[in-house]
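I have placed the structure first, in the form of structure tokens, so that the comments after it can refer back to it.
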Amino acid sequence: MASTSRKIYYFQAAAAGDVRFSDMVKQVCRLEMSDRTILHEGQQVIVHLFRQQDILAGVVTILREEGLPAIGRRNSIDIRDIELAEEEGILEASHFVIMPDAEIVLFEYNHYGPKVGLFFHAINTIYRERFEPNAPGADWAYISRRDGYERLGDMAGVSGLQISMTNLQLSNAGSYNETLESLEHLGDWRTANIELKPEPHSRTIILSIAEFVRKFFPHGQQDLQNYEKCRVKAINATGGVETIDLLADKVTSQFSVTRLGRSRQINTSDLLSKMQEDVADYARRQRITTQA
């Protein structure tokens, strides 16, 4: 049986309201199929759960009815259209697993399948249409391996800083971060970009490492989830300047899964089973790290 390699990305879900993202997914997926679909750029998007006990596991699909590939033949340049019945199209599926207690989302997709942003958009849209029209919705951020954060401990100080965060990320961080709290009152915006830098060609330390952590990471490494971008220029022990991208090392996994026939489609059961094992292993590693 043919197999293919799949890469899995880790995300942290964050909901601005009282309802957790995992609960939003469960509520949406209890609806009838016709009630949990949206149209995105003319293409139908559906979210479906296969498992919703301790770990949620499911798919988000998109149906392409236009822009389809053509059929060819060996030793020929002749092509013909794919013949599809009415309401048929090319189905592209992405797979997700959610660990509700930590709101961690594992997401797999191919080039044509729905991306994580469309998954969150679908859940937010359907939840507002069917349950709470004024719900603030949920957002996501890549989870970092935190290697860069740990490197900060070897630095003498911060000489420059670039950070970017969404309004929703700020609403989660602002309640305990007095440095960022005032940004919440500047109006209706999606993304804030902040840059701190000294005079040109200067190696002045504008923040000590302790001050930087206290102002931007009051809860330590877990606050990485509150940023879309966080690059630090730091002075090392010898006086040199190093640029540390705190979000560069995204948590990913990769493994081989069986493919269905000659198509790009993969065995959903095989993939979701491996993703569930992977997130359980990740949770165990996190607990060990926390207890160490």
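The values are calculated or read from the model by the stated rules, or taken from the named source; none is laboratory data. Note that the coordinates shown come from a computational prediction; the quantities given were computed from them, not determined experimentally. Reconstructed Cβ throughout: ideal geometry from the backbone, glycine too, with neighbour counts over all protein chains shown. Keep in mind that these areas ignore ligands, DNA and RNA; they rest on the heavy atoms of the full protein, side chains included. Shrake-Rupley method; radii C 1.70, N 1.55, O 1.52, S 1.80 Å.
Could you please let me know if Ala2 is touching a residue at least 60 places away in the same chain (Cβ under 8 Å) and either open to solvent by 30 Å² or more (accessible area, probe 1.4 Å) or closer than 26 Å to Met165 by Cβ (or both)? It is true that Ala2 is touching a residue at least 60 places away in the same chain (Cβ under 8 Å) and either open to solvent by 30 Å² or more (accessible area, probe 1.4 Å) or closer than 26 Å to Met165 by Cβ (or both). Filtering region 95-127 to residues that are over 16 Å from Met275 (Cα atoms), assigned to a helix (DSSP H, G or I) and either in contact with a strand residue (DSSP E or B) (Cβ under 7 Å, 6 or more places away or on another chain) or open to solvent by 80 Å² or more (accessible area, probe 1.4 Å) (or both) leaves Leu118, Phe119, Phe120, His121, Ala122, Ile123, Asn124, Thr125, Ile126.
Okay, residues lined up against (1) assigned to a loop (DSSP other than H, G, I, E, B); (2) closer than 20 Å to Lys115 by Cβ; (3) touching a residue at least 24 places away in the same chain (Cβ under 8 Å):
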{"residue": "Ala13", "(1), (2), (3)": "no, yes, yes"}
{"residue": "Ser34", "(1), (2), (3)": "no, no, no"}
{"residue": "Ile62", "(1), (2), (3)": "no, yes, yes"}
{"residue": "Gly67", "(1), (2), (3)": "yes, yes, no"}
{"residue": "Ile77", "(1), (2), (3)": "yes, no, no"}
{"residue": "Glu86", "(1), (2), (3)": "yes, no, no"}
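Considering only residues in region 201-225 that are under 15 Å from Gly153 (Cα atoms) and of a type in the set (Gly, Ala, Ser), the one that is modelled with the lowest pLDDT turns out to be Gly220.
Let's see how each residue does on (1) open to solvent by 70 Å² or more (accessible area, probe 1.4 Å); (2) on the phi < 0 side of the Ramachandran plot; (3) out of contact with any Ser or Thr (no Cβ under 6 Å at 6 or more places or on another chain); (4) at pLDDT below 95:
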residue: Tyr9; (1), (2), (3), (4): no, yes, no, yes
residue: Ala15; (1), (2), (3), (4): no, yes, yes, yes
residue: Asp18; (1), (2), (3), (4): yes, yes, yes, yes
residue: Asp54; (1), (2), (3), (4): yes, yes, yes, yes
residue: Ile62; (1), (2), (3), (4): no, yes, yes, yes
residue: Ala70; (1), (2), (3), (4): no, yes, yes, yes
residue: Glu86; (1), (2), (3), (4): yes, yes, yes, yes
